[in-house]
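Structure first, then comments.
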Amino acid sequence: MTSFHSFFIVIIISHVFIPLYFSPIHGNTDVGFSINLIRKTSPQRLRGLSAMSETPQSPVGAYLGHYLMELSIGTPPFKIYGIADTGSDLIWTQCVPCNNCYKQLNPMFDPMKSSSYSNISCHSNLCHKLDTGVCSPQKQCNYTYAYASASITQGVLAQETVTLTSTTGTSVLLKDVVFGCGHDNKGSFNDHEMGIIGLGGGPVSFISQMGRSFGGKRFSQCLVPFHTDVNVHSRMSFGKGSKVSGEGVSTPLVAKDDKTPYFVTLLGISVGETYLHYNGSSGNVEKGNMFLDSGTPPTILPTQLYDRVVAEVKNQVAMEPTVDDPDLGSQLCYRTKNNLRGPMLTVHFEGANVTLEPIQTLISPKDDVFCLGFTNTSSDVGIYGNFAQSNYLIGFDLEAQVVSFKPTDCTKNT
């Protein structure tokens, strides 16, 4: 889920990549930890992540194309389920009072009931880590944080204790985590989502606030494919133990002024044996022309590349596309009880060729229909969505500045 940090659709983030105050109370800071993505029953677009090694973890689940990450905040701990989102920074949840908020099934967090909650003063340096932090009449740090989907959260920037549960059952407390207590939240959220856990590279993200506290600034994920049994979880791991080892491929992260997205360079895409250059020619491509986003389900390509990918898939599939279903819009879809056997797609990142099977590229939005899990944009920068990220162990090493991909049956990594 891509974030915008002003109403002018200009992304402005502090150029300083500084971990905020973050102090583990229990647990060995030399080891990493894993989070569970707890799956929730859904008629379609269901996802999940699970735990990894003998390290602290936090449950996370998925619903309607998003992976929901379970954390507990406050004292006593209060469970929240937020979208695990590598495309944004802010950690936030809906808070009482919440008069202008979207419907939520679970109770909302009440800061008055937590002994560890503290509002951030507008005079604090922490208020300015988020570029939309402004001073309220009560001298509190008010924030506004918007997303490309037109979703928006507004509220008070605060600090809280976050509780994670280790795979051995031990609680790990993370003190003074900066988060948004959202009192006015609107947009394309469903009633299972209590907020967003920002996992991007900016200074207020969960990743940046952890820093090197757990054995290194790195994390990895292994997402189960679409429509996997809800009892089978994926996993996301942080710090030591999250490094991708063995036979995999890596591509450099590209540094830009916007520190939030994890930018990489896409050279082209092959449909079967047919190679499609990013620009439609053999010329050089701009570095950092795509970023990985766990909060966006489809892969989004510039229109000129998307159109060529769709045309070549049509050319290689003998079946006629579905054109008479208004529910499907302009998507490339095929009416079939079982997924197609091909074609295979290969995503050519700089230095890394990532092969995608139909289970990662052809998604079933309704019974007996499979659609290409790609869409288009007028922007020159694309998004590598979570459909395509499934069944790969993907490691983000922020110290080495690389992203690694290792083909993995994520359904067997519980």
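The values are calculated or read from the model by the stated rules, or taken from the named source; none is laboratory data. It should be emphasised that the depicted structure is a prediction, and the values quoted were computed from it without experimental measurement. Quick reminder, even Gly has a Cβ in these numbers, built from the backbone with ideal geometry, and neighbours come from all protein chains shown. With ligands, DNA and RNA removed, areas are computed over all heavy atoms of the protein, side chains included. Shrake-Rupley method; radii C 1.70, N 1.55, O 1.52, S 1.80 Å.
Would you please classify the overall shape of region 190-238 from the alpha carbon gyration tensor, given that a ≥ b ≥ c denote the square roots of the eigenvalues, rounded means a/c under 1.5, and beyond that prolate means a/b larger than b/c while oblate covers the rest? Spell out each step's value before the answer.
On the way: a/c = 3.15, a/b = 1.54, b/c = 2.05.
Here region 190-238 falls in the oblate category.
Number of Lys-Lys pairs in region 260-414 under 27 Å by Cα, sequence gap 8 or more or different chains? Don't skip to the end; give the middle numbers.
On the way: 287/406; 314/337; 314/366; 337/366; 337/412; 366/412.
So the count of such lysine pairs works out to 6.
The phi-based Karplus calculation (6.51 cos²θ - 1.76 cosθ + 1.60; θ = phi - 60°) puts the 3J(HN,Hα) values of region 182-187 at x, 10, 8, 10, 9, x Hz, whole numbers, x for Gly and Pro.
For the residue pairs 79/175; 103/259; 129/175, alpha carbon separations beyond 24 Å are given by 103/259.
In this structure the amide hydrogen of residue 116, modeled in the peptide plane, comes within under 5 Å of the amide hydrogens of 75, none closer than 5 places in sequence on its chain.
Put the Cα centre of region 64-84 next to the Cα centre of region 111-128 and the gap is 20 Å.
Sequence-ordered 3J(HN,Hα) estimates for region 356-362 from the Karplus curve with 6.51, -1.76 and 1.60 and θ = phi - 60° stand at 10, 8, x, 5, 9, 10, 10 Hz, glycine and proline given as x.
Give the shape of region 206-339 as rounded, prolate or oblate, defined through the alpha-carbon gyration tensor: a ≥ b ≥ c are the square roots of its eigenvalues, a/c under 1.5 means rounded, and otherwise the shape is prolate if a/b is larger than b/c and oblate if not. It would help to have the intermediate numbers written out before the result.
Numbers: a/c = 2.27, a/b = 1.45, b/c = 1.56.
Taking the square roots of the gyration eigenvalues as a ≥ b ≥ c, region 206-339 is oblate.
Reducing region 236-290 and region 372-386 to their Cα centroids gives an inter-centroid distance of 13 Å.
Remark: accessible surface ordering of 273, 70, 286 (largest first) is 273, 286, 70, probe radius 1.4 Å.
Extending 7 Å from Cα along the Cβ direction at residue 325 and again at residue 184 yields two label points whose distance is 4.1 nm. Let me know the shape class of region 311-414, please: from the alpha-carbon gyration tensor, a ≥ b ≥ c as square roots of the eigenvalues, rounded when a/c is under 1.5, otherwise prolate if a/b is greater than b/c, or oblate. Prolate, because a/c is 1.5 or more and a/b exceeds b/c. Largest to smallest in accessible area, the residues 335, 341, 212, 308 fall in the order 341, 212, 335, 308 (1.4 Å probe, all protein chains included).
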